[in-house]
1. I'd like the full set of residues that are of a type in the set (Gly, Ala, Ser) and within 16 Å of the ligand (Cβ to nearest atom), limited to region 82-96.
2. Can you pull out every residue in region 291-329 that is closer than 12 Å to Gln127 by Cβ and over 14 Å from the mean Cα position of the chain (by Cα)?
3. Can you tell me which residue within region 273-299, out of those that are in contact with a strand residue (DSSP E or B) (Cβ under 6 Å, 6 or more places away or on another chain) and not in a helix (DSSP H, G or I), is surrounded by the fewest Cβ atoms within 10 Å (Cβ to Cβ)?
4. If the requirement is being within 26 Å of Ile298 (Cα to Cα) and in contact (Cβ under 8 Å) with a residue 24 or more places away in the chain, which of these qualifies: Lys119, Lys82?
5. Return the residue satisfying two criteria in turn: it lies in region 49-60 and is hydrophobic (A, V, I, L, M, F, W, C) and more than 30 Å from Ala79 (Cβ to Cβ), and of such residues it is nearest to the ligand (Cβ to nearest atom).
6. Condition first: in a loop (DSSP other than H, G, I, E, B), modelled with pLDDT of 95 or more and crowded, with 17+ Cβ neighbours inside 10 Å. Can you find one or more residues in region 305-319 that meet it?
7. What tally of residues in region 63-107 results from selecting those that are over 22 Å from the mean Cα position of the chain (by Cα) and under 18 Å from Asn28 (Cβ atoms)?
8. Can you tell me how many residues in region 274-308 are touching a helix residue (DSSP H, G or I) at 6+ places or on another chain (Cβ under 8 Å) and on the phi > 0 side of the Ramachandran plot?
Amino acid sequence: MKASVLIKYGSADFFDLREVEKPVPKDNEVLIKVQAASINSWDDDILRGRLFVNRLMVGFFKPTKIQILGCDIAGRVEAVGKNVTLLEPGDEVFGDLSSSGWSGFAEYVCAPENAVVLKPTNMTFEQAAAVPQAGLLALQGLRKGQILPEENKAREINSGQKVLINGASGGVGSFAVPMAKLYGAEVTGVCSTEKMEFVRSMGADHVIDYTQEDFTKNGQHYDLILDVKGFHSIFDYKRALTLKGIYVMVGGANALVNQLIFLRPWISMTDTKKMSLLLHKPNKGLDFMKELLEAGKIVPVIDRCYPLSEVAEAFRYFGEGQARGKIVITLKHNSKT
Ligand SMILES: NC(=O)c1ccc[n+]([C@@H]2O[C@H](COP(=O)([O-])OP(=O)(O)OC[C@H]3O[C@@H](n4cnc5c(N)ncnc54)[C@H](OP(=O)(O)O)[C@@H]3O)[C@@H](O)[C@H]2O)c1
């Protein structure tokens, strides 16, 4: 089968479209014919060799344990292992394979049956592949920030809560903005000048251009700050929260992660505000997200699609920071690409 293999860390120049062995499903796995896979910033971090933990997972000096990136996939089940009970050949599925071997930028991938669920029938494979990781980071972050009810809890949520999404125009933001609106929040999106109109078009009530204004210093206070790209200090964020406000870090600078780890216990003892770090749980909430997608309440925003042969080009575009929403790799089987 064809796959886009990452041969070394550094840049998109090191993707190589190659013939590799088609995987064979283990007893608890399904073999999926990939129809689409999306790019997440985690793929980009790995490509560039960022973060010690990524190198531990993928290979210290070069990608050895995982050579094919791509964790968000949508496709059709082609074969099943002998212990698989939930899925059968022909099923159309989607999911996040970040805890089960990645390898989505390929014609076929194997995954444990519980790493994927049936794809919403009203969506294309491209739309479905855009959802799992970015959509669930948004969902899990809004749940942690108590804007959406926790799983299996029919708790009342106060509408009209003021939510700020820092990094509103990218993958996570393009789910978080409409989802927070859906649950009655007053949403402020933070992004660059060029993307303000896009963030407004997703329903944000207010948009802040981070090149012109520092939202931590403008005197406004928020019940939740969902931080997709955190570069401020923990004290700046705390200042921008209401008295019982919650800060949820999804991603950002290492310095901020360290501040959260070491200062959070002290803040929680001395303050009513809550500072927290989201630890992504792959596919947790995917069934709930599927309901929102099937009801047409959330629609993924895809900026561009690229064929498998142009994975490198897709990452170059992603790296330029131009994308609004998600970038998807499409696999046209039996065609030249
Ligand atoms: N917590 C976990 O377990 C976990 C797991 C996986 C991933 N992550 C993290 O989740 C995040 C995923 O992000 P994504 O997929 O949405 O990335 P993305 O598609 O690259 O979007 C990045 C967003 O950040 C914005 N941004 C860039 N610089 C900014 C700044 N200085 N101030 C405010 N916003 C800024 C961009 O806005 P403009 O384009 O307008 O500049 C864009 O909206 C990453 O930070 C990743 O590290 C966390």
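The values are calculated or read from the model by the stated rules, or taken from the named source; none is laboratory data. All values derive from a computational prediction rather than experimental measurement. Cβ coordinates were reconstructed from backbone atoms using ideal geometry, including for glycine residues, and neighbour counts include every protein chain displayed.
1. If the condition is that a residue be of a type in the set (Gly, Ala, Ser) and within 16 Å of the ligand (Cβ to nearest atom), then Gly95 is the only one that fits.
2. Residues satisfying the conditions are Leu293, Glu294, Gly296, Ile298, Val299, Cys305.
3. Looking at the filtered set, the residue picked out is Ser276.
4. Lys119
5. Selected residue: Leu51.
6. No: region 305-319 contains no residue that is in a loop (DSSP other than H, G, I, E, B), modelled with pLDDT of 95 or more and crowded, with 17+ Cβ neighbours inside 10 Å.
7. Counting residues in region 63-107 that are over 22 Å from the mean Cα position of the chain (by Cα) and under 18 Å from Asn28 (Cβ atoms) gives 14.
8. 2
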